[in-house]
Every structure is written in structure tokens, then in C-alpha cells.
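Input: a single structure, listed below in C-alpha cells.
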Amino acid sequence: MGRVPTKTACTVAAAMPILLILILLNASPARAASCESLAALKLPNATITMATLVPKGRFVAPPEAQEHGIRTAKFDDLPAFCRVAATLTPSRDSNIMFEAWLPVDWNQRFKGNWGLGGAAIHDEDGIGYFGLAAALRQGFAVAVTDTGRKGDSRYAIDHPEQIIDFGERAIREMTVKAKALITAFYGKGPQFSYMAECGAGAIGALKEAQRYPDDYDGLVAGGGTAHMTRHSVAQMFMWQVSHTEPGSVIPRDKLVVLHQAALLACDARDGIEDGVIGDPPGCTFDPGVIECKGGDGPSCLTAKQVETARQMYRGPRNPRTGEQLFSPVYPGSELNWPGDGSEGGRRRQRVLQVLRLQGSRLRLHGAPGQLRQPYRPG
């Protein structure tokens, strides 16, 4: 009772090697594809426009690249990689640019990048090549999108589907398509996936964490994009207080003077004079200390400019209750403030006008703090 007959036991023992071979064959990873063959890969809502192997140190930024400094940047230290470009069209009105860089020597990790899509107040659009290059140097397979936005934010008035692309869909599509390309190229998916973003890019990171938590193993979302509606108010506030009346704006060269004065007041409080204020909220610097005593001059602020600086440090508040609506800018941040009425300032003004017009749509599709049904890619 309970013993296996000798003949049956021998039969099972003889079959074991065959079963083991079949298990190993079924467990082996999918066969890796060549870089060029990825051009024929069929992905939903995607048209692959390029799949080419870039030799070590041979990448050159394309003519359409718009990042500051891209024309003089050196990429001769980049390892060999497979460069894939595609256009993603999850809706009839979508036109999302996408690139994935897949290194030949891969660390089995993936990094998703927001790219330049959030730079609506700058003269940069398109693909962020510096971000791609930085991740590639560390061995990551990396992807980026322009979030489907072209030019400034006036597109939002007549293109609600593109607002959805900007708010969440482009990042989701990028992630799904990139992982499909990784699996096809290497024969297996990434062991770990990461996204680390700040400012507008944190929108994508927060959306992924909130709605698609299985997409990434680690996410960093820096900057003040957790409450998009109030964030937009804060951006408008910064421009408005510096343009209250003629003479209120602080020119770029005087922002340097203001910054140096803030460092002089608070840099050494942490025991180290290193050009960084260790406790910005605890810095009680008053810009009035550099108010011009006589006429205007290059090393002082006029009374109107001092008031602008004080308002910036105070931040946007409810005029009736005094409630702080959004974080103020702190001493030490002056070099990033909006400067004089240059083209960048005029572009910011146009964006803020669109924010006023499209507030309801941006609250619906652009604010990570407000839930709706998550987008499901095709």
C-alpha cells in the first residue's frame, strides 16, 4: 500500500529529463529583435518613424531639437544604443512625439521622462535630449514624450483631447509603448522602472502613482504640482505682482543683486557659507535693506521693486481671509523669478490668459489631486 510499482517509477524517472527540457524551453525568454526590425513592430495607436542603431559616440541632436544649449552640446560619450521614434495617436486629435533609447549594454532598468512638454512658458518644445542622454549614460532604457503639446498653451482652447494628452495620456502611452519596445528588443521586460520629475513633469509622475501604480517601481515627484488649480493661481500671481504698475518689474540684473543680498542675510545661518540658504522658510530677509536711497541705480531696488519682492516672498493669499493659497517663493530663489518684459515674459502672459479661459478643463484633466476614471491605452 502506498508504494509505486517499480515499472511505473522507472517510466516516470525516464520521462523526467524530457519534462525538464520542455520546462526549460518554455521558461526561456523571448528571442531578442534587432534594432532595425523594431520599425515593423505593430503597436496600438502608434506609428514608428525610426528605428536605427546609433554607434558609440555618434549621436547628433536633430535640427528640430529646441533645448537651450543643444547646438553646442557634446554627446560623444554616449554608449551605443537603439534609437526608436514614433508618433502616438490615442485619439483622433492626438499627435504625441515619442522616443525610446535602448542601450546595447543594458542595466535591465527603465526610466520614463516627461521631457519638455510642460515647458509652456519657455521657448522649448519637443523631445528632451539631455534627459535621454543622462539616463542612457547610466545604462537605463529610457523614453520621453513631448506630451502632444506644440507651441504655447493656446492649443487648449479648441483641443480638449490634447489637454487629456498633456494631463496624463501621453505619459501613460509612453510608458506602455516603451515597455513593449524593451520587451521586443531585449527579449524581456525591465526588472525595475523609475520616473523622477520636478515642476510640470511631476504632473506625469503623480498621475502615474495615482492611477497606474503598477507602471513604476519608484517615483519622484518634486515641485508644487500636487494642487494644479492653486499652482496656476500662484503662477499668475507672480506675473501680476511684478507688473502691477510701470516700474514694478525687477530687471534680470537686479534679481542678481537681490539674490546676493538674501545670501548675505541668511546663507551663513547654517554655519556654512556655500551660496545656499539652508533654511529658506526661516530666512526673514527684508528686501528693503537694498532700497535705493537716492535715484535708481544698478545695485539697489526702487520702492516699487522692493514692494514687488516683498509680495513675492509673501505669496498668494485670499484677500478676504488672508489664507495662504500656495507656497510663496523663498529667499534664495530670486534667480528663477520672472524678469523684465522680454519675449519670455510676454509668452508667460499669453499662457496665463489661456489658464484663465481653460480653468475648468485644466482642473478636470491636469490636476493629479482630482480623480476621474483612469485612461486605458489601446
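Read the figures in this text as sums done on the coordinates, not as results from a lab. Quick caveat: nothing in here was measured; it's all calculated off a predicted structure. For neighbour counting, all protein chains shown are included, and Cβ atoms are generated from backbone atoms with ideal geometry for every residue, glycine included.
Testing R230 on (1) free of Cβ contacts under 8 Å to residues at least 60 places away in the same chain; (2) surrounded by 15 or more Cβ atoms within 10 Å (Cβ to Cβ); (3) more than 17 Å from N336 (Cβ to Cβ); (4) of a type in the set (D, E, K, R), one condition comes back false. Which one is that?
It fails just one condition, (1).
Could you list, in sequence order, all residues of the stretch 193-240 that are outside any helix (DSSP H, G or I), among the charged types (D, E, K, R) and in contact with an Asp or Glu (Cβ under 6 Å, 6 or more places away or on another chain)?
The first filter runs over the stretch 193-240 and keeps only residues outside any helix (DSSP H, G or I), leaving 193-200, 212-227.
In the following step, the residues that additionally are among the charged types (D, E, K, R) were identified as 197, 214-215, 217.
If the condition is that a residue be outside any helix (DSSP H, G or I), among the charged types (D, E, K, R) and in contact with an Asp or Glu (Cβ under 6 Å, 6 or more places away or on another chain), then D215 is the only one that fits.
Considering the stretch 177-216 alone, what residues qualify as being small (G, A, S) and within 14 Å of R109 (Cβ to Cβ)?
Of the residues in the stretch 177-216, the ones small (G, A, S) are 178, 180, 184, 187, 189, 193, 196, 199-202, 204-205, 209.
Once the filter is applied, which keeps residues that are small (G, A, S) and within 14 Å of R109 (Cβ to Cβ), the stretch 177-216 yields A178, G189, S193, A196.
How many residues, within the stretch 66-100, are touching a Leu at 6+ places or on another chain (Cβ under 7 Å) and without any contact (Cβ under 8 Å) to a residue 24 or more places away in the chain?
Here the count works out to 0.
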